[in-house]
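Enquirer: Right, I'll just put the structure down here and ask away after.
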Amino acid sequence: MKTYLALITATALALTACNNEKPAAPVAETAAVAASNVATATATAASAVTEAASNVATAVASASDECAVTINSDDKMTFDTKELNVKSTCTNFTLTLKHTGTQPKAGMGHNVVITKAADKDAVLADGAAAGADKDYIKPDDARVVAATKLIGGGESDTITFPVNKLAKGESYVFFCSFPGHVAMMSGKVNLVD
Ligand SMILES: [Cu+2]
């Protein structure tokens, strides 16, 4: 009887030990593998994020370098550039007009309007007729490829337009449509490679 009891106890102990130990090892192993996978995944994700951030930075840099330009204007009725080069490889082009003077837009307002060279005179005439309230551009003028708003001293305006609005082989110009300014404030728009 004693032997029998001892056997049962031993078996019970063995079973208990079994229950405690056997699953424990695989669980620990699984946890370690999982932890390792998480670490790898985290590292991969972190590297992907770093790479993505770097790509964004590069894209932003190239956009600001190649697909954007700033034109300055002033109280002397001038633009600081006579040629606007737009890269054909840019999807969109961003143009910022700054007015570095101090005079209000009612007296020395400037904008930048882009049209085909052939449309310039008609757009100017219709713009003058539209008046200051319309920034000297006829509302919804389909001949206008892009235009900033009319600004006064100390102000600036930024616009973005799709480069495919400029057709290859066509001749484009930019100018200020404030009455009388075009003689001083105009230039060529070049679609470049
Ligand atoms: Cu002007």
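The values are calculated or read from the model by the stated rules, or taken from the named source; none is laboratory data. Every value quoted in this text rests on a predicted model; they were computed, and no experiment measured them. In this analysis, Cβ positions are derived from the backbone assuming ideal geometry, glycine residues included, and neighbour counts consider all displayed protein chains. Only protein heavy atoms, including side chains, enter the accessible area calculation; ligands, DNA and RNA are left aside. Shrake-Rupley method; radii C 1.70, N 1.55, O 1.52, S 1.80 Å.
Enquirer: Give me the residue from segment 145-173 that is among the hydroxyl-bearing types (Ser, Thr, Tyr) and crowded, with 17+ Cβ neighbours inside 10 Å and, out of that set, farthest from Met77 (Cα to Cα). Outline the logic, then answer.
Expert: Of the residues in segment 145-173, the ones among the hydroxyl-bearing types (Ser, Thr, Tyr) are 148, 156, 158, 160, 171-172.
Pick out the ones that are also crowded, with 17+ Cβ neighbours inside 10 Å and you get 148, 172.
Working: Thr148: 16, Tyr172: 21 Å.
So the residue we want is Tyr172.
Enquirer: State which residue is farthest from the ligand (Cβ to nearest atom) when the search covers only segment 132-144 and only residues that are under 11 Å from Thr115 (Cα atoms) and open to solvent by less than 60 Å² (accessible area, probe 1.4 Å).
Expert: For segment 132-144, the residue satisfying everything is Asp141.
Enquirer: I've got another one for you. Return the total of residues in segment 183-193 being open to solvent by 40 Å² or more (accessible area, probe 1.4 Å) and either in a loop (DSSP other than H, G, I, E, B) or of a type in the set (Gly, Ala, Ser) (or both).
Expert: So in segment 183-193, the residues open to solvent by 40 Å² or more (accessible area, probe 1.4 Å) come out as 183-184, 188, 191-193.
Subset that is either in a loop (DSSP other than H, G, I, E, B) or of a type in the set (Gly, Ala, Ser) (or both): 183-184, 193.
Residues that pass the stated criteria total 3.
Enquirer: Counting residues that are open to solvent by less than 30 Å² (accessible area, probe 1.4 Å) and at pLDDT 95 or above, which strands (runs of 3 or more DSSP E) fully inside segment 77-130 reach at least 3?
Expert: Numbers: elements: 83-87, 92-99, 113-116.
Counting at least 3 such residues, we get 92-99, 113-116.
Enquirer: Right, something else. Hey, can you tell me all the residues within segment 162-179 that are more than 16 Å from the ligand (Cβ to nearest atom) and part of a loop (DSSP other than H, G, I, E, B)? Reasoning before the result, please.
Expert: The initial filter retains those residues of segment 162-179 that are more than 16 Å from the ligand (Cβ to nearest atom), namely 162-172.
Leu166, Ala167, Lys168, Gly169, Glu170, Ser171 - these are the residues of segment 162-179 that are more than 16 Å from the ligand (Cβ to nearest atom) and part of a loop (DSSP other than H, G, I, E, B).
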